[in-house]
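Working notes, beginning with the structure itself.
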């Protein structure tokens, strides 16, 4: 175990710490579009490695943090379920006067789709999966994300990140206390609400394109974004056409720009949700080098 000092905690630091690690998981996990790869480590011995890990995480947050290698702390064994056959890589627990932020990293001998079914079943008692909390927008590398809200503790969430890795799944759990989430808060209020992430299907890449990073923005109440980079020689207009077909499932096109010779292609969309809310979506595809294309989708609700 690795322990290091603490500074004055704030809710903002706790949210930033958890968000930073989650983004690191998503970016490194979706890096190849095929199988995920761990970072290579060279040089040093075990004491040096422990000092390095402690220093890395001391810069990432200002909480008292404990890292447990290869095990789940007993206090969380019943709270954070793991599937049969799971291999625990380690647990990162940060605590302060507000509560705990716990991250668990493990591999499981199940496909990501089956693991998602497992968590939806095992968390049926005591947790609520809010509308719009699961993966939407650009996908790549088999990454899925699920959000669960505690039915008993306000502002307590469990986020599950899953990535296919051949016959296995690389997985991470992120448990947070006293960090409000808009999806959970509005779902608990009982007020009818439609989140923008509910309006975006999972957008698959063109055939032959390699995803080199696919990240969805944190779901919000009135806006949402998703971005990806694709390794392909397809023109921006051809890529836009591919995603436009998928957006037609729900959205009405209102305008396009760009042709096969253009360095950038754009499409604009409109949608009226079941509650009468008016939404706009903007898809942008731009060249980023000879064989890399940057793609973004932003969704905004009219005020």
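The numbers here are math on the coordinates, done by the rules we state, and not lab data. These numbers come from a predicted model, not from an experiment. Please note: Cβ atoms are built from the backbone with ideal geometry, for glycine as well, and neighbour counts cover all protein chains shown.
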(request) On a C-alpha basis, how far is the centre of the range 269-300 from the centre of the range 157-182 in Å? Whole number, if you could? (result) 26
(request) Within 10 Å, count the other beta carbons around each residue, average over each peptide in 286-293, 101-108, and list them highest first. (result) 101-108, 286-293
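Could you work out the relative contact order of the range 149-279, using alpha carbon pairs under 8 angstrom and six or more residues apart, expressed as a whole percent?
Here the relative contact order equals 15 percent.
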